[in-house]
Amino acid sequence: MSLVLYHHPYSRAATVVWMLEEVGVEYELRFVDFPSGAHKAPELLALNPMGKLPILRDGDQIVTEVAAIGLYLADRYALGRLAPELQDPLRGTYFRWSLFAPSVIEPGSMAKANGWVVKASQAGWGTHEAMVEAMETAIAGREFLLGNAFSMADVIFGGTLRYMLRFGMLEAKPTFSAYVERLNARPALQRAEARNAAVIQEHGLGR
């Protein structure tokens, strides 16, 4: 099998399972045992020097970082379905909100949660209030980030939003909650959650 995801269900690799289910290609989950330090083993560090998950192997190609994996999968296996065609003007919006998640939402939320003192003009995520407002404008008045069409950007952006809401890292504004409900209704997400749950049960994992 060409696609192999190095995976632990309590890591960001869980979101990549959703990506793979949306793409609709066969893939193998390769469990990485965190407590034993398997993510820092030499063979894993050779794939990702950060010693972190997720790691996607597609033949000889190695891709890490959730947003990069999603963009790669959509372009390679679902161009025109989960990613706008190269000439489509929506491609700019697609990249904009896909990369907003790791570059603004994640650090901005961490800064808020940990009381980091930074100058908004110097921090890439600006102020927390501006970040939340931007997130609302991204989905207000539309079903998904690109309008009526679901895309991989919704997995990247929406997956981050789902996580933040689940752990109380963002206020559950009506716009956010309604968007997440639409994402939760997707069969691919439901399949991914079932597959992650099966791994949790198989390995006797608990929070």
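Quick grid of which residues meet (1) modelled with pLDDT under 95; (2) aliphatic (A, V, I, L, M); (3) within 13 Å of the chain's Cα centre (by Cα):
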residue	(1), (2), (3)
Val4	no, yes, no
His7	no, no, no
Leu29	no, yes, no
Pro54	no, no, yes
Ala68	no, yes, yes
Pro89	no, no, no
Gly92	no, no, no
Arg96	no, no, no
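For region 107-119, how many residues are surrounded by 13 or more Cβ atoms within 10 Å (Cβ to Cβ) and more than 17 Å from Val180 (Cβ to Cβ)? Write out each step before concluding.
Taking region 107-119 first, the residues surrounded by 13 or more Cβ atoms within 10 Å (Cβ to Cβ) are 107-109, 111-113, 118.
Checking the rest, the ones that are also more than 17 Å from Val180 (Cβ to Cβ) come to 107-108, 111-113, 118.
Of the residues in region 107-119, 6 are surrounded by 13 or more Cβ atoms within 10 Å (Cβ to Cβ) and more than 17 Å from Val180 (Cβ to Cβ).
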Looking at region 78-99, is at least one residue touching an Asp or Glu at 6+ places or on another chain (Cβ under 9 Å), on the phi < 0 side of the Ramachandran plot, among the aromatic types (Phe, Trp, Tyr) and touching a residue at least 40 places away in the same chain (Cβ under 8 Å)? yes
Can you name the helices (runs of 4 or more DSSP H) wholly within region 125-207 that have at least 3 residues being more than 30 Å from Leu79 (Cβ to Cβ)? 128-139, 187-202
Looking at region 183-201 only, could you name the residues that are surrounded by 15 or more Cβ atoms within 10 Å (Cβ to Cβ), over 14 Å from the mean Cα position of the chain (by Cα) and over 20 Å from His7 (Cα atoms)? Arg186
Do you know which of the residues in region 1-32 that are out of contact with any helix residue (DSSP H, G or I) (no Cβ under 6 Å at 6 or more places or on another chain) and part of a strand (DSSP E or B) is nearest to Arg195 (Cα to Cα)? Leu29
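Scan region 14-30 for residues that are of a type outside the set (D, E, K, R) and surrounded by fewer than 14 Cβ atoms within 10 Å (Cβ to Cβ) and report the count.
Residues meeting the conditions: 1.
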Going residue by residue through region 33-40, is there one that turns out to be part of a helix (DSSP H, G or I), surrounded by fewer than 19 Cβ atoms within 10 Å (Cβ to Cβ) and touching a strand residue (DSSP E or B) at 6+ places or on another chain (Cβ under 9 Å)? yes
Which residue is farthest from Leu20 (Cα to Cα), if the candidates are limited to region 42-66 and must be of a type outside the set (A, V, I, L, M, F, W, C) and not in a loop (DSSP other than H, G, I, E, B)? Pro42
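Conditions (1) of a type in the set (A, V, I, L, M); (2) within 21 Å of Arg91 (Cβ to Cβ), marked per residue:
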position	(1), (2)
Asn114	no, no
Gln122	no, no
Ala130	yes, no
Met135	yes, yes
Asn148	no, yes
Ala153	yes, yes
Glu181	no, no
Ile200	yes, no
Does Met152 satisfy being touching a helix residue (DSSP H, G or I) at 6+ places or on another chain (Cβ under 6 Å), at pLDDT below 95 and on the phi < 0 side of the Ramachandran plot? no
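The values are calculated or read from the model by the stated rules, or taken from the named source; none is laboratory data. Keep in mind that what you see is a predicted model, and the values were worked out from it rather than measured. Glycine gets a Cβ as well: all are built from the backbone with ideal geometry, and neighbour counts include every protein chain shown.
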